[in-house]
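Working notes, structure below.
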Amino acid sequence: MIIYIHGFGSSGHGGKATLFREYFEDELIAPSLSYIPTLAIDTLEQLINIYLQTDEEVSLVGSSLGGYYAIYLANKYNLKAVLINPAVYPYKTLDKVGISMNYYDMSSFEVTTEHIQTLRGLEVNNIKNQDNFMVLLQTDDEVLDYTEAVEKLSNSELIIEEGGNHTFENIESYFRKIGSFCS
């Protein structure tokens with residue numbers, strides 16, 4: 001099973017999640033996660049444990065903040081993970097305490113200092129097995145500095161495309177490669 005982990009202010013029904021769900025069909029789930037980091041991680045750990053108890057292989061695909069969560073979870077459970085323009089220091093890049101917006105349904109939510117501290121606590125400083133990671137980066141990401149991911153995950157499979165954006169243009173052209181990596 002592939003668990004797709006959406007980014008900050010997104011949804012399991014967002015554009016990228018929908019593309020993944022259409023391609024991978026019943027091999028993928030894309031939950032809509034809470035904006036509260038502890039609740040998001042708890043939901044993901046429950047899903048991982050459900051599948052692991054049935055001896056089903058689990059892989060993760062994380063985009064942006066979802067990539068950060070995927071690093072933490074893949075390291076903890078020794079899972080394969082595909083990271084798409086991952087946030088590697090979200091406690092810095094999301095340091096926007098106050099009201100934020102969900103880009104999928106335009107609802108608002110509050111980011112607190114506690115949320116930022118929780119994100120800091122999830123940081124993985126020593127990645128156990130970088131072979132478990134495929135990292136897809138586009139250099140013109142307008143939200144994150146792609147070189148931070150290159151530095152942190154330098155021993156992983158890195159795919160760096162010139163141009164693009166934070167959403168990762170034409171992600172569907174990598175679906176076959178992602179499927180092979182996760183298998």
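At-a-glance table
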read-out: Amide proton proximity set for residue 161, modelled H, under 5 Å, gap of 5+; value: 137, 138, 139
read-out: Helical contribution to [θ] at 222 nm, DSSP H n ≥ 4, -39,500 (n - 2.57), averaged over the chain, rounded to 500; value: -11000 deg cm²/dmol
read-out: The stretch 118-183, Rg to Rh (Cα coordinates; Rh as Kirkwood inverse mean 1/r); value: 0.98
read-out: Taking only Cα atoms of the chain, radius of gyration then Dmax in Å; value: 15.0, 42
read-out: Rounded, prolate or oblate (a/c below 1.5 giving rounded, otherwise prolate when a/b exceeds b/c) for the stretch 1-70 by Cα gyration tensor; value: oblate
read-out: Net charge dipole size for the stretch 2-182 [Lys, Arg +1 and Asp, Glu -1 on Cβ; Debye, nearest 20]; value: 340 debye
read-out: Furthest towards positive pole of dipole, 71, 126, 12, structure part the stretch 2-182, Cβ charges; value: 126
read-out: Peptides 19-31, 43-55, 76-88, 59-71 ordered by average Cβ neighbours within 10 Å, highest first; value: 59-71, 76-88, 19-31, 43-55
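Bear in mind these aren't lab numbers, they're just calculated from the coordinates by the rules spelled out. Quantities reported herein were computed from a predicted structural model and do not represent experimental measurements. So basically every Cβ, Gly included, is an ideal-geometry build from the backbone, and we count neighbours across all protein chains shown.
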